[in-house]
Amino acid sequence: MKTKYSIIVSCFLIGLSLFSCKDLDEMNINPNGVDPNQADVSLLLGTVITGTGNTMNGYGGLGDISGVMQHIQQDGWAGGVNAYDWTANEWDGFYENLRNAKEMLRKADEAGNDFYKGAAKVFLAYNFGAIADFWGDAPFWSDSPADAPFWSKYSAAPYLEGICADDGIMKPRYDKQRDIYIGVIELLKEANTLFSQPQSAYIINPDQDPLYNGDVAKWRKFANSLRLRYYLRISTKERDIAETGIKEILGDPAQYPLILTPADDAAYACIGATTGNSWRTTTVFSKTIDSEYLRRKMCQTLIDKMWPTHNDPTRAKDPRLGVWANKVETPLKLDLTKDVEFDQIIDGVRVIGDSVSTRWERTNGGIQKHKLNYDTDYIGYPPAWTDGTLYVYNLNMPGGQGRYNPHASQLGSLYEKAADPLLKARMLSAAEMQFCLAEIAYNGWGGDAKEHYNAAIRVSLETWGVSSGYNDFITHPDIAYNETLEQIIEQKWIASWTAACEAWFDWRRTGFPVLAEGTRTKNPVPPIRFYYGTKELSYNRDNLEVAIDRLEPTPQPFSEPGNTKNSAWSRMWLLQETGKPW
C-alpha cells in the first residue's frame, strides 16, 4: 500500500475492491490499494470492513474451516479442507486490516469523530480477537509509554511496513491469549460508549459503509454482540468475568442492544461485476469442466443432520438444505433381481446388481470403510474422502477431480452466481446471537433457553428465505428444544453455514457437534489452532518461541510425531485444563 493516487483514483479503487469475496488468506495485501496516510477516514471504513469480512470468509465461507467442521468436502485439491495437511497460516491479512483500522482510529481521533473512532475499535477488536482465536498468543499491546495516544499502543507483525514503525517496535512481544481477549472486550465497551449518542450527533458518509450505511444504532448492536461472543468464548476459563459481563449486557438492553434480527446482521453482499468482487465459487466468468464450484461437495455429516436417511419419515427435513445443496441427479438403486453384473440407468436411476455393489465397496469403499449410498435426495462426500469419483464406478460417466458428479450433491446453484442477496461475507448474525443467548440461559445466567433457541432457528430460516416452514419444523421431535447444550450447539453449527469459523471455535470449547473423522486425515481428530507462520519464525523468532513454549502439546495420537509445540493439535490457553474438545 505504498502508491499514492489522486483522491478520484483512490475512490475508484476503493469502489472496485469494496465487496471482494475472494480468499484474502491467499491475497492478503493489495498493492493497488489506497495509502491509509492519504485516505479520508470515511474511505478507510469500507476497506477495513471488507478486508476483515473477506479474510474471515476465506476460511469459513466454504474454505478450509468449512471442511474442518464438515459442512463441505472437496473432491480435488482437497488436502487443507479434508485432511488438515496444514503447514503454516500467515496472518498478514488480519494485521493489514489492523493497520488500516489503527490509521482510521488515528484520523478519527484527530477529527474528534466518535463514529469512526467507534467503528475502528470494533474492527481492532474483531481482528485481534480472530488472531487470538486462530493462533493463541500474538502481538497485541506494544511497550509504548503509558501516556501515549491509545492507537499508538497497538503493535503488529514486524514484516508489515508502517504498523510497528510508528512506535519504533520492529520485533513485538507476544501477549498472552487471555490478555488479548480481555483487551478485545475493553475495546468493545469503549465502542459502545462512542455509539451512544443520537444519530444526528454524528458526521458520517453513509455511502462508504457497506455494512450498515452509517446507522449508528446497528453499529452499537454489532459492538455489544461481539462483546457477548467473547464473554462466551472465555466462559470456561474465566467464568466470573464472563458471567458478570453477560449479566451487565442482559440487564440493560437499552444501554447494550444486541443483533437479534437478520436486518441487523454484520454481513455484506458481493458486487459480482468481476472475478475479484464475486462469490468465490462463481462460474459466471469461467465454464471449465473443473472449477472452484465443482470441487466443493456437501459433506455427508451435515446432510445426515439435516435430511432423513433413505427418506425416513420420522426424521425432520430441514428446508435450508434445499438452498445450500442440489439434489442428486442420478441416484443409485441396488436391485437383487437383476443379473449380478447389471449396471444401467433406467428412468434417471442407476440400477446395479449385487456384484457391482460388492466390488465397489470392496475396492473403492473398503479402504475408507464406506458403503454405497442409495438415498434419492441428497448425498454428500464422507469426511476425508480421497477419490474424486465417488460412486462413479464401472460405467462410462464423467469423473475426476473438481468435476460434476451425478451421484453426489453439488452445492446449490446459488453458489454458481457471481452475486446474490444471499451470497454474503457473514461476520456476526442474529442466529448466532440467539443461540448464544440460549446457551447463556442454559448456563443459568438469565433468559429463557427455549425461547432463544426457537428464535435462533426462526431467524436462521428467515435469513435463508425459508421461514414459511418454521412452524412445522420447530415442533418436530428432532428439532424441538430438548434442554441440552449439545442440541443448542449442534443447531448453531448448522446455522453457521458459510460462517464456519465460529462453529469451529464453539466445537473447540464444547466438543459439539461430535465429529467422526475419515480414515485419510492427517490426524484422527480435527485440529484446534493454526500453526504460527514461517515469516514470524524468520523475523521474530525469539519472541515467538516464548509464545510457542506456552502451548501445551497433546499426546499421541492427537499430536504429530517429532513436531514442536507449534502444532495444529497443541492446546492454547483457552483449551488447557478444559478436557475439550477431545
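The values are calculated or read from the model by the stated rules, or taken from the named source; none is laboratory data. As the structure is a prediction and not an experimental result, all values here were calculated from the model. Positions of Cβ are generated from backbone atoms using ideal geometry, with glycine treated the same way; all protein chains shown enter the neighbour counts. Accessible surface areas use protein heavy atoms only, side chains included; no ligands, DNA or RNA. Shrake-Rupley method; radii C 1.70, N 1.55, O 1.52, S 1.80 Å.
Remark: the stretch 463-473, residue by residue, has Karplus-estimated 3J(HN,Hα) of 4, 9, x, 10, 5, 4, x, 4, 4, 5, 5 Hz, where x stands for each Gly or Pro and the curve is 6.51 cos²θ - 1.76 cosθ + 1.60 at θ = phi - 60°. Give me the net charge for the shell around MET433: Cβ to Cβ below 15 angstrom, other residues only, Lys and Arg +1, Asp and Glu -1. With Lys, Arg at +1 and Asp, Glu at -1, the neighbours total 0. Put simply, the amide H of PHE140, placed in the peptide plane, has neighbours under 5 Å in SER155, ASP175, leaving out anything fewer than 5 places away on its chain.
Residues ASP387, ASP40, sorted by accessible area with the largest first, give ASP40, ASP387 [1.4 Å probe; ligands and nucleic acids excluded]. Take the stretch 431-582 with all the other protein chains still there, run a 1.4 Å probe, and you get 40 Å² of accessible area per residue. Principal semi-axes of the equivalent ellipsoid, √(5λ) from the alpha carbon gyration tensor of the stretch 457-574, are 38, 16, 12 Å from largest down. To put it simply, the accessible area of the stretch 465-582 at a 1.4 Å probe is 51 percent carbon and sulfur. Taking 56 Å as R0, compute the FRET efficiency from the Cβ-Cβ separation of ALA111 and SER559 and round it to 0.05. Here the calculated transfer efficiency is 0.65. Ranked by solvent-accessible area (1.4 Å probe, protein heavy atoms only, all chains present), the residues THR498, THR244 order from largest to smallest as THR244, THR498. If you take all C-alpha pairs in the stretch 183-306, what percent of them are over 19 Å apart? Taking all Cα-Cα pairs of the stretch 183-306, the fraction more than 19 Å apart is 64 percent.
Couplings for the stretch 451-456, taken from phi via the Karplus curve 6.51 cos²θ - 1.76 cosθ + 1.60 with θ = phi - 60°, read 4, 6, 4, 4, 5, 4 Hz in order; Gly and Pro are left as x.
If one computes P(r) from the Cα atoms of the stretch 261-311, what percent of pairs lie at distances over 14 Å? Distances greater than 14 Å cover 69 percent of the Cα pairs. Evaluated over the Cα positions of the stretch 445-513, the convex hull gives a direction-averaged projected area, one quarter of its surface, of 4.9 nm². The phi torsions of the stretch 543-550, fed into the Karplus equation with coefficients 6.51, -1.76 and 1.60 and a -60° offset, translate into couplings of 5, 5, 4, 4, 5, 4, 5, 7 Hz, rounded to whole numbers, with Gly and Pro shown as x.
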